[in-house]
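Engineer: Take this structure, written in structure tokens, and hold onto it; I'll ask about it next.
The values are calculated or read from the model by the stated rules, or taken from the named source; none is laboratory data. Please read these numbers as outputs of a predicted model, since none were measured by experiment. Here the Cβ positions follow ideal geometry from the backbone for every residue, glycine too, while neighbour counts run over all protein chains shown. Ligands, DNA and RNA are stripped out before the accessible areas are found, and what is left, the full protein with its side chains, is counted by its heavy atoms. Shrake-Rupley method; radii C 1.70, N 1.55, O 1.52, S 1.80 Å.
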Amino acid sequence: MAYDYDLFVIGAGSGGVRASRIAASFGARVAVAEEYRIGGTCVIRGCVPKKLLVYASHFGEDFEAAEGYGWTVGERSFNWQKLIADKDAEIDRLNGLYIKTLQGAGVRMIDGRAVVTGPNSVQVAGKTITAERILVAVGGWPSMPDVPGIEHAITSNEALHLADLPEKLVIVGGGYIAVEFAGIFAGMGVAVTQLYRGEQILRGFDDDLRNRLAKEMVAKGIDLRVGTNVTLIEKTDGGVRLSLTDGSIMDTGAVMYATGRHANTAGLGLETAGVELAPNGAIKVDAYSQTNVDNIYAVGDVTDRVQLTPVAIKEGHAFALSVYGGMLTSPEHDAIPSAVFSQPPIGTVGMSEAEAVAAGHSIDVYESDFRPMKHTLGGSSERAYTKMVVDSESDVVLGAHMIGLDAAEIIQGIGIAVKAGLTKAQFDATVAVHPSSAEEFVLMRNKRD
């Protein structure tokens, strides 16, 4: 059968763009459909604009620290509307670069939401298109709980486009998106309350990092309440009124939910082609991103393996290498370094202490608690903390974790070492870069009792 394309990709985010470009480089005829903007969650409404806002929120503390270094900082003010306009201009620039990348690769871009109508066909804007293979890369979408009045709440999507900065904001959730936005808005002078129904924020991260971040957030003025949730949201003239599980009432300018994300598969027509989905709507795939339907594949957050942009990119690349490059490649999902752009930031790779114990390892834990050099004259009381989880029998470093200034930058290099399976002795044999915070990872000598 003659198909319109060799590969039809649904979704032009990080994974879909990489798969499209690499497949086309091997001579495949590729088309990609995108219903919103080329670039996907990360570029348009996720990590890129969020990181720009993180940078913006730090300047208040930087201005205060400058005095300790001999600078006199004059009158200053913050313009939320200008920040958002400048952020949007940068997103437009990146969107344009992604479009040029696909054009340069010879990939056809189609505007609209594609719906699967069969194992080899999709429909976009009323037109049916056939393809030898279909790759689904539609990512995820914020999940909203079934709370009365939830229609009055916003998500991180809307938080990036608020017309005005509220005086008060409540953020519901305890994951990385929640803590990042709490730091962003608090740094811009908003009175932030964060509510989380669990016992501590950042479930799944190493407990020492979780506890230390919670203390630092409170020290920065964030009203962090764990074991607390919202039961009712009511619209008021000044914003919203929240009824909480502890029986209290809270009035605030806005309430933002960051309570998880789900695979964006609703209405995609995958059932028509017989594609098997997990109970949470994620697409089930094998080690090579292939679904139970031989010619349909999926990569990125829609598969709910590891919801990180670099992982989606690697999955998309591996798919193209396997199917069109003649190099069977399975994307690896172990020892993935990641960062939380909280304030202070977190960098982590490998197993947490609890995960190592649960996996049956006999472990040694090394740690260091210190004040980053920048803060000695800057005046901040914020501290940094590094931790290594080591297998006591093999001496292999199972996990490395940090909270503090530059943690996100530092963990990338440490991630290479952990991925390579290096031992604590090899870390110890490495010469330190001094003075730096990164050197703590090669100077830790004392085991925790």
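Engineer: Counting only residues that are of a type in the set (Gly, Ala, Ser) and in contact (Cβ under 8 Å) with a residue 24 or more places away in the chain, which one in the stretch 336-361 is nearest to residue 216 (Cα to Cα)?
Structural biologist: For the stretch 336-361, the residue satisfying everything is 342.
Engineer: Can you find, within the stretch 362-408, the residue that is least open to solvent (accessible area, probe 1.4 Å) among those that are assigned to a helix (DSSP H, G or I) and touching a residue at least 24 places away in the same chain (Cβ under 8 Å)?
Structural biologist: The extreme case among them is 407.
Engineer: Got a sec? Which of 272, 265 is surrounded by 22 or more Cβ atoms within 10 Å (Cβ to Cβ), among the β-branched types (Val, Ile, Thr), outside any strand (DSSP E or B) and out of contact with any His (no Cβ under 6 Å at 6 or more places or on another chain)?
Structural biologist: 265
Engineer: Of all the residues that make up the stretch 24-57, how many are outside any loop (DSSP other than H, G, I, E, B), more than 22 Å from the chain's Cα centre (by Cα) and of a type in the set (A, V, I, L, M)?
Structural biologist: 5
Engineer: As an exercise: evaluate residue 232 against (1) within 24 Å of residue 181 (Cα to Cα); (2) surrounded by 17 or more Cβ atoms within 10 Å (Cβ to Cβ); (3) touching a residue at least 12 places away in the same chain (Cβ under 8 Å); (4) not acidic (Asp, Glu) and give the number of the one condition it does not meet.
Structural biologist: (2)
Engineer: Within the group 110, 99, which residue is out of contact with any His (no Cβ under 8 Å at 6 or more places or on another chain), assigned to a helix (DSSP H, G or I) and either modelled with pLDDT of 95 or more or of a type in the set (Val, Ile, Thr) (or both)?
Structural biologist: Among 110, 99, only 99 is out of contact with any His (no Cβ under 8 Å at 6 or more places or on another chain), assigned to a helix (DSSP H, G or I) and either modelled with pLDDT of 95 or more or of a type in the set (Val, Ile, Thr) (or both).
Engineer: Something else now. Exactly one condition in (1) closer than 21 Å to residue 345 by Cα; (2) at pLDDT below 95; (3) open to solvent by 80 Å² or more (accessible area, probe 1.4 Å) is false for residue 76; which is it?
Structural biologist: It is condition (1) that residue 76 fails.
Engineer: Among the residues of the stretch 124-176 satisfying the criterion of being without any contact (Cβ under 8 Å) to a residue 24 or more places away in the chain and farther than 30 Å from residue 224 by Cα, which is nearest to the chain's Cα centre (by Cα)?
Structural biologist: Once the filter is applied, the top-ranked residue is 125.
Engineer: What is the residue count in the stretch 331-352 for residues that are open to solvent by 50 Å² or more (accessible area, probe 1.4 Å) and at pLDDT 95 or above?
Structural biologist: 2
Engineer: Please go through the stretch 194-222 and pick out each residue that is closer than 23 Å to residue 148 by Cβ and open to solvent by 20 Å² or more (accessible area, probe 1.4 Å).
Structural biologist: 196, 197
Engineer: So, one more: Which one of the conditions (1) open to solvent by 40 Å² or more (accessible area, probe 1.4 Å); (2) at pLDDT 95 or above; (3) under 27 Å from residue 153 (Cα atoms); (4) under 14 Å from the mean Cα position of the chain (by Cα) does residue 308 fail to meet, given that it meets all the rest?
Structural biologist: (2)
Engineer: Quick check on the stretch 210-225: of everything there that is of a type in the set (Lys, Arg) and not in a helix (DSSP H, G or I), which residue is nearest to residue 200 (Cα to Cα)?
Structural biologist: 225
Engineer: Right, something else. Of everything in the stretch 59-73, what is of a type outside the set (Val, Ile, Thr), touching a helix residue (DSSP H, G or I) at 6+ places or on another chain (Cβ under 6 Å) and open to solvent by less than 80 Å² (accessible area, probe 1.4 Å)? Give them in sequence order.
Structural biologist: 60, 65, 68
Engineer: I need the full set of residues from the stretch 420-449 which are of a type outside the set (S, T, N, Q), open to solvent by 90 Å² or more (accessible area, probe 1.4 Å) and under 20 Å from residue 353 (Cβ atoms), in order please.
Structural biologist: 445, 447, 449
Engineer: What about residue 320, is it under 28 Å from residue 136 (Cα atoms), surrounded by 17 or more Cβ atoms within 10 Å (Cβ to Cβ) and in contact with an Asp or Glu (Cβ under 7 Å, 6 or more places away or on another chain)?
Structural biologist: no
Engineer: Here are the criteria: (1) part of a strand (DSSP E or B); (2) over 20 Å from residue 312 (Cβ atoms); (3) under 25 Å from the mean Cα position of the chain (by Cα). Tell me which single one residue 83 does not satisfy.
Structural biologist: For residue 83, the failing item is (1).
Engineer: Condition test on residue 188, is it under 19 Å from residue 59 (Cβ atoms), buried (at least 21 other Cβ atoms within 10 Å of the Cβ) and not aromatic (Phe, Trp, Tyr)?
Structural biologist: No: the conditions fail for residue 188.
Engineer: With the structure loaded, tell me whether residue 418 is assigned to a strand (DSSP E or B) and either touching a residue at least 12 places away in the same chain (Cβ under 8 Å) or touching a helix residue (DSSP H, G or I) at 6+ places or on another chain (Cβ under 8 Å) (or both) or whether it fails that test.
Structural biologist: Taking the combined requirement at face value, the residue does not satisfy it.
Engineer: Right, something else. Could you check how many residues of the stretch 145-171 are open to solvent by 70 Å² or more (accessible area, probe 1.4 Å) and under 22 Å from residue 342 (Cα atoms)?
Structural biologist: Qualifying residue count, the stretch 145-171: 4.
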